[in-house]
Amino acid sequence: MEVQTPASPSGFIDQLVVPGDMVLDLTTLSNQTIKLGGGLRQDGDAISVIKAGKLRFSKPNKYWVESSQKRYVPCVEDTVLGIVVDCKADNFLIDIKGPTLAFLPVLAFEGGTRRNIPKFEVGALLYVRVVKANVGVNPELSCTDASGKAAEFGPLKDGYMFETSTGLSRMLLSSPPFPVLEALGKKLSFEIAVGLNGRVWVNASSPSTIILVSNAIMNSESLSGVQQKIMVEKLLQRVQ
Amino acid sequence: MEERADGRTQNQLRPLACSHSILNRAHASASWSQGDSKVLAAVYGPKAGTKKNENPEKACLEVIWKPKTGQIGKLEKEYEMILKRTLQSICILSMNPNTTTSVIIQVVNDDGALLPCAINAACAALVDAGIPLKHLAVAICCCLMESGHVILDPTKLEEQKMKAFTYLVFPNSVLSVLSEGALSVNGEPIEHGIITSVTHGLMSVNDYLRCLERGRAASSKLSAFLRRSLQSQLRNDSSRTA
């Protein structure tokens, strides 16, 4: 067992941590509240790691473990792409690639009343926001933003949906923009919706554009910025 | 010092190799090989719902063992039970209640120490899946030869000639900001704890304690190897600078 002696946990920030590592000693910290994100939990007087990944810190007091998986852990205020599995009287049952199905109340739409409940088929793709996500309870979704407006949430028609890892969908939504999206956007016109649960939807006027964009995104996960630009140029050359 | 058939010393392990995320359709997968013994583990889940007799307040773990050839029999069921109990003790079962996680073990090649190889592969696959774990598990096989020597990580030929063997599973070595005293239980460091111990054959208590000692020493090497292989996996995933 290796023991790190610095009083601050800065030795572990941005490093790989594996389950079982104790990364923070609460007795050495002065009276502050710290916020723990995914992958960490409190073990008595210390914070221990429960998922392998890179430990991240954001001032003033947020710690979390960043990792990329194929399954999703529901978090409040995440925007995800869900697929309708069933329609009940009060809720739609939506699959969001999490441990359990999520509920979308039938009234959680802009101007939603009992008289104008939307009709979704089983298998419809929806862009939704996670409202509640607690341990042991099915997550709750909504098709409106916090103020009740529709704000682009709702069903996604046409287009093509494919699955990626959660790490790639976070990279697609990062700012500054992902190099692949920038390079594609300069030459092609397409519409894209990225869910933090590892689903991406692409729509464009012609199927060949959709296929090109989807393949470019799927191939870009392990490439650096420069390699991504080169890959996109090669793909575009082949089409034009 | 007795000479082993492949030239290793008594405490030397075979070359280890581990890869992650090799299967396309599984939610997570890992392959672990020790010398010529190779096992592939795939993890699906967590998925909603538990089986009939399982406690719905905890996550349920299901293990399916697929041998290389032949039908599934009692030996495979025994391996499934040992794996299930071992993995249940390292998972945090209260985090995803009323869900089932399936671990499927496929034996690719059996050249001795098969169950420890499978336990290591299953643990690596659970880490790849992001299932919440208290700590990792590293497994090692120690066997007692006719001459009374204890050797580690036997091949199939050595396994057939030995008097008794034991499979030992220990928690991994952790990096910690706390002092050593805070992390020990009853004066012993955490990685001296035993998660699972399976013995076959006749061995005296002293021989068992010697096996434990050798196993503990080797488990730190296995922990370091697992950490390095996760490190290279992490580097492959995020080779872009943020």
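The values are calculated or read from the model by the stated rules, or taken from the named source; none is laboratory data. Every value quoted in this text rests on a predicted model; they were computed, and no experiment measured them. All Cβ positions, glycine included, derive from the backbone under ideal geometry; neighbour counts span all protein chains shown. Calculation scope for accessible area: heavy atoms of the full protein, side chains included, ligands and nucleic acids excluded. Shrake-Rupley method; radii C 1.70, N 1.55, O 1.52, S 1.80 Å.
Brief remarks on what is shown
- Look at (1) farther than 26 Å from A:LEU101 by Cα; (2) in contact (Cβ under 8 Å) with a residue 40 or more places away in the chain; (3) acidic (Asp, Glu) and you find that B:GLU78 fails only one, number (2).
- Any hit, region A:36-53, residues being surrounded by 14 or more Cβ atoms within 10 Å (Cβ to Cβ) and in contact (Cβ under 8 Å) with a residue 40 or more places away in the chain: no
- Flag for A:ILE210 being open to solvent by 50 Å² or more (accessible area, probe 1.4 Å) and modelled with pLDDT of 90 or more: no
- Considering residues of region B:80-100 that are of a type in the set (Ser, Thr, Tyr) and open to solvent by less than 10 Å² (accessible area, probe 1.4 Å) only, the residue farthest from the other protein chains (Cβ to nearest Cβ): B:THR86
- Top-ranked residue of region B:101-121 - restricted to ones that are more than 14 Å from every other protein chain (Cβ to nearest Cβ) and in a helix (DSSP H, G or I), ranked as farthest from A:PRO74 (Cα to Cα): B:LEU114
- Within region A:127-141, being more than 14 Å from chain B (Cβ to nearest Cβ), without any contact (Cβ under 8 Å) to a residue 60 or more places away in the chain and open to solvent by 10 Å² or more (accessible area, probe 1.4 Å) holds for A:ARG129, A:VAL131, A:LYS132, A:GLU140.
- Those residues of region A:17-27 which are surrounded by fewer than 22 Cβ atoms within 10 Å (Cβ to Cβ) and either modelled with pLDDT of 85 or more or within 8 Å of another protein chain (Cβ to nearest Cβ) (or both), in sequence order: A:ASP25
- Yes/no for A:PHE120 being assigned to a loop (DSSP other than H, G, I, E, B), touching a Ser or Thr at 6+ places or on another chain (Cβ under 9 Å) and farther than 30 Å from B:ILE131 by Cβ: no
- For region B:37-79, a residue qualifies if it is in a helix (DSSP H, G or I) and open to solvent by 80 Å² or more (accessible area, probe 1.4 Å), and the qualifying residues are B:LYS74, B:LEU75, B:LYS77.
- Filtered by the rule that a residue be open to solvent by less than 20 Å² (accessible area, probe 1.4 Å) and either polar (S, T, N, Q) or more than 22 Å from B:GLY130 (Cα to Cα) (or both), region A:95-107 gives A:LEU104, A:VAL106.
- Some residue of region B:87-96 being without any contact (Cβ under 8 Å) to a residue 60 or more places away in the chain and in contact with an Asp or Glu (Cβ under 7 Å, 6 or more places away or on another chain): no
- Helices (runs of 4 or more DSSP H) wholly inside region B:125-242 containing at least 1 residues that are modelled with pLDDT of 90 or more, at the interface with chain A (Cβ under 10 Å from one of its Cβ atoms) and surrounded by fewer than 23 Cβ atoms within 10 Å (Cβ to Cβ): B:205-237
- Residue count, region A:60-92 (criterion: away from chain B (no Cβ under 14 Å), open to solvent by 60 Å² or more (accessible area, probe 1.4 Å) and assigned to a loop (DSSP other than H, G, I, E, B)): 6
- The number of residues in region A:93-118 being within 14 Å of another protein chain (Cβ to nearest Cβ) and at negative phi comes to 10.
- Selection of region B:35-61 for residues being over 23 Å from B:ARG25 (Cα atoms) and in contact with a helix residue (DSSP H, G or I) (Cβ under 6 Å, 6 or more places away or on another chain) yields only B:SER37.
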